[in-house]
Each structure stands twice: as structure tokens, then as C-alpha cells.
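Peer 1: Provided herewith is a single structure, encoded as C-alpha cells, for subsequent inquiry.
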Amino acid sequence: MFQSQLSSRHLLGIKYISREDIELILDTAAEFKEVINRPVKKVPSLRDVTIANVFFENSTRTRISFELAERRLSADVVNFSASSSSVSKGETLLDTVNNILAMKVDMVVMRHPAPGAHHFLSRHIDANIINAGDGTHEHPTQALLDAYSIREKLGTVEGKNVLIVGDILHSRVALSNIFCLNKLGAKVKVCGPPTLIPKYITSLGVEVEHDIRKALEWCDVANVLRIQLERQDIRYIPSLREYSLYYGINKALLDSINKDIVIMHPGPINRGVELASDVADSGRSIILDQVENGVAVRMAVLYLLAGKVG
């Protein structure tokens, strides 16, 4: 039976939604991508909905992408930054959000450094909640836009070999992608230094490969992650130079494999570390497509959850 709305009133993580939910979001995003490429890019779908973007961590791409998606849907938008708020004076998360909701906000898009913060909030407030990243836990809309980008480029996600390379240990993008790709029927492999691969990772139904050449020879798509030094409390690798030497992807490496591999990256790119410019800016890369698709996917998520407002 065709599913016409999401099974949940929140998007807390890919782990908590079904394959049918994911496919509905991707199909809806395809319609919105057509909208944002029109001369008039706005639709009145969320005209009477007020959305608060509540970011307790710095963000550029995700925050701008959500705000653009909200404005394309004609929603009223409130932006909240922890660094310039009463949070810096000791106000709790719940008090902060309740104060925002007292202003009659319908939906909350939140990024927070604490894993599970969105689950806590969903049990205490009535608004719809969208997880824009919680610590090293999940980043569901990034996984959805990555899946959409693969489907757009290759026609389907099911049956494709997708490699995730880099700092798997600290990456919420990696975890959400693994959940999403598994649910859509892709085969997933991770690659990186042993110190940056979580011990539990194979329990999620993925394989581990430490040799970047073998990993690239296997895959159809390589999603390249940056080394998240800001989340590392100890040194997990000797140096970025050594990481680049063993796991960096450049044109010479890809040319020697002689296989047409799609290159992705959630950003920001550390050029010359995990990815060389001659790859990031090449025809193999769909990195800028991911950015464009992010707006369409977030429009779809907002639109579908708005049907469950209240």
C-alpha cells in the first residue's frame, strides 16, 4: 500500500524510521527539486507554520540549507544561536526550547553536542523535532540527501557498493548513512585507520577494509569524510600528512584503479588531506549536487512533518 505520510511526527534519526519513510522523503524531494529549479522558487505549503532553527553548535551548510528550505516553503523562520543566548548564562535546554515554544513555534530544527538531546526534547514538548545533528550520534538529513544523490546519479541505491572512508569513529554522518544505506538495500563497507573504526561497527551489517586501494576497487560510490580533530580528545593518528599518505584520495590513485567511482563528501573538505582538489573538482565528484539536493530533501522532510503539526 502506498504510504502518503511519515510514520513518525519527528525525525530523530534514520534508525527510528522505516524504508517506506525514507523512500517517501526521497520521492517528495524529487518533486521539490523541480520546484527549486523554477524561476519562482517558492511554494505556499508551510505558509502558516513557524519553525525555529536552534543550533547549539556552529554550522554553515546545514543551517543555511534548512533556512533556505523553510523559506522556499513560505514558513516563518526564527533563528537561535546558543553563543548569543541565555544558554551562555546557564539556562537549560528545556527552558530554552520552552521559551521559544511560548512564542508559538510549531517545529524545531536542532543541532546539539549531546547525543540523545532530541529524544529528551521529544518527550517534553509538543512541537515536531528535526535532528540537525546530535554529537557523534546521527545526522539524518545528511544521510537522506546522500541517498538521494546516489539514487539521482546511479538510478537506484539498492545493490550498490558504497564505501565510507575516514573518521568513522567520530562521524554522525557515517552512522546515519549506514542505517540509511542498509535500509535501502545497499552494501556498505568502511575504510580508515584501525584507531578511527569503532569496534562495534560490524554489528551494524558493514564490512571493514583498511586498504584504501582494495576498498576503492570494490565500491561504486565513495563517501569521503574529514578527520574531525575538534572531536578528538587524544591523538588517533600520527599526523594529517601520514593520514593523507595512506588514506587520501587523489586523481593518480583513481586513475590507476581505472574504474568509474562516484565521489561524495558531506563537507567541509580538508583539501589535500582526505581528498585532493583534482578529485573534489572533477567530473567524478557530485559534492555540489549534494549541496543542492540538501535543500530539496530538507524541504521534503519539513513538508511531510508539517502534516503532523500539533
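The values are calculated or read from the model by the stated rules, or taken from the named source; none is laboratory data. The model shown is predicted, which means the values in this text are computed figures rather than measured ones. Neighbour counts are summed over all protein chains in view; Cβ atoms, including those assigned to glycine, are modelled from backbone coordinates with ideal geometry.
Peer 1: Anything in segment 258-294 that is modelled with pLDDT of 95 or more and of a type in the set (A, V, I, L, M)? List them, or say none.
Peer 2: Within segment 258-294, 261, 262, 263, 264, 275, 276, 279, 280, 286, 287, 288, 291 meet the criteria.
Peer 1: Report, by residue number, each residue of segment 201-238 that is in a loop (DSSP other than H, G, I, E, B) and modelled with pLDDT under 95.
Peer 2: 226, 227, 228, 232, 233, 234, 235, 236, 237, 238
Peer 1: Hey, another quick one. Where residues in segment 41-83 are of a type in the set (Gly, Ala, Ser) and in a loop (DSSP other than H, G, I, E, B), which of them is farthest from residue 99 (Cα to Cα)? If you could, list the steps in order and put the result at the bottom.
Peer 2: Residues of segment 41-83 that are of a type in the set (Gly, Ala, Ser), as a first pass: 45, 52, 59, 65, 69, 74-75, 81-83.
So of that shortlist, the ones also in a loop (DSSP other than H, G, I, E, B) come out as 45, 59, 74-75.
On the way: 45: 26, 59: 22, 74: 23, 75: 20 Å.
Top of the filtered list is 45.
Peer 1: From the set of residues in segment 112-153 that are surrounded by 22 or more Cβ atoms within 10 Å (Cβ to Cβ), of a type in the set (S, T, N, Q) and within 15 Å of the chain's Cα centre (by Cα), which is nearest to residue 52 (Cα to Cα)?
Peer 2: 131
Peer 1: I'm told residue 108 meets every condition in (1) of a type outside the set (S, T, N, Q); (2) over 20 Å from residue 297 (Cα atoms); (3) free of Cβ contacts under 8 Å to residues at least 60 places away in the same chain except one. Can you identify the failing condition by its number?
Peer 2: Unmet for residue 108, out of (1) of a type outside the set (S, T, N, Q); (2) over 20 Å from residue 297 (Cα atoms); (3) free of Cβ contacts under 8 Å to residues at least 60 places away in the same chain: (2).
Peer 1: Being touching a helix residue (DSSP H, G or I) at 6+ places or on another chain (Cβ under 6 Å) and surrounded by fewer than 18 Cβ atoms within 10 Å (Cβ to Cβ) is the filter here; which residues of segment 190-216 pass it?
Peer 2: If the condition is that a residue be touching a helix residue (DSSP H, G or I) at 6+ places or on another chain (Cβ under 6 Å) and surrounded by fewer than 18 Cβ atoms within 10 Å (Cβ to Cβ), then 204, 205 are the ones that fit.
Peer 1: Test residue 169 against the criterion of being assigned to a loop (DSSP other than H, G, I, E, B), touching a residue at least 12 places away in the same chain (Cβ under 8 Å) and not assigned by TED's automatic domain parsing to the domain that holds residue 112, and give yes or no. Full working, then the answer.
Peer 2: Working: assigned to a loop (DSSP other than H, G, I, E, B): yes; touching a residue at least 12 places away in the same chain (Cβ under 8 Å): yes; not assigned by TED's automatic domain parsing to the domain that holds residue 112: yes.
So residue 169 fits the description; yes.
Yes or no, residue by residue, for (1) in contact with a helix residue (DSSP H, G or I) (Cβ under 7 Å, 6 or more places away or on another chain); (2) surrounded by fewer than 14 Cβ atoms within 10 Å (Cβ to Cβ); (3) touching a residue at least 12 places away in the same chain (Cβ under 8 Å); (4) polar (S, T, N, Q):
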{"residue": "5", "(1), (2), (3), (4)": "yes, yes, yes, yes"}
{"residue": "9", "(1), (2), (3), (4)": "yes, no, yes, no"}
{"residue": "40", "(1), (2), (3), (4)": "no, yes, no, no"}
{"residue": "43", "(1), (2), (3), (4)": "yes, no, yes, no"}
{"residue": "57", "(1), (2), (3), (4)": "no, no, yes, no"}
{"residue": "69", "(1), (2), (3), (4)": "yes, no, yes, no"}
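Peer 1: Right, another one. Quickly run through segment 240-292 and pick out the residues that are crowded, with 19+ Cβ neighbours inside 10 Å, without any contact (Cβ under 8 Å) to a residue 40 or more places away in the chain and assigned to a loop (DSSP other than H, G, I, E, B).
Peer 2: 248, 276
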